[in-house]
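I have placed the structure first, in the form of structure tokens, so that the comments after it can refer back to it.
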Amino acid sequence: MLEELGFNIQLLGSEKYVLNKLRTLKAENITKVKEAFIRNKAPRFMKYFFPHELYGNQKLYVEKLMKVSLERLARLIKICGLLLQTKVYLSWKK
């Protein structure tokens, strides 16, 4: 979805890049990004809005997400980028 809006997936870890890209989007495209986060309620996304609660509140999550500033939305996309990274673990024998 972010690729369709012109985001470079490899640069999602850069909050500055994501914020600059969000500033160039139209309001309807920003709404599409927010709706994508609403459809995909990952526990880590909800934890961003409710740091002191174990799981958060889904209804309040939707309300907070629709009112979120571009800076906080950029941080949320950065978290998404970190979750998308492929982790590689190496193990060896002596």
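Values quoted throughout were computed directly from the atomic coordinates according to the rules given, and no laboratory measurement underlies them. Please read all numbers here as calculations on a predicted model, not as lab measurements. Reconstructed Cβ throughout: ideal geometry from the backbone, glycine too, with neighbour counts over all protein chains shown.
Computed from the C-beta positions of residue 10 and residue 66 and an R0 of 35 Å, the FRET efficiency is 0.80 to the nearest 0.05. In the chain, helical runs assigned H by DSSP with n ≥ 4 each contribute -39500 (n - 2.57); averaged across all residues and rounded to the nearest 500, the mean residue ellipticity at 222 nm is -17500 deg cm²/dmol. For the chain, the Kirkwood estimate of hydrodynamic radius, built from reciprocal distances between every pair of different alpha carbons, is 14.3 Å. The angle between the Cα long axis of helix 15-24 and the longest principal axis of the Cα atoms of the chain comes to about 30 degrees, rounded to the nearest 10.
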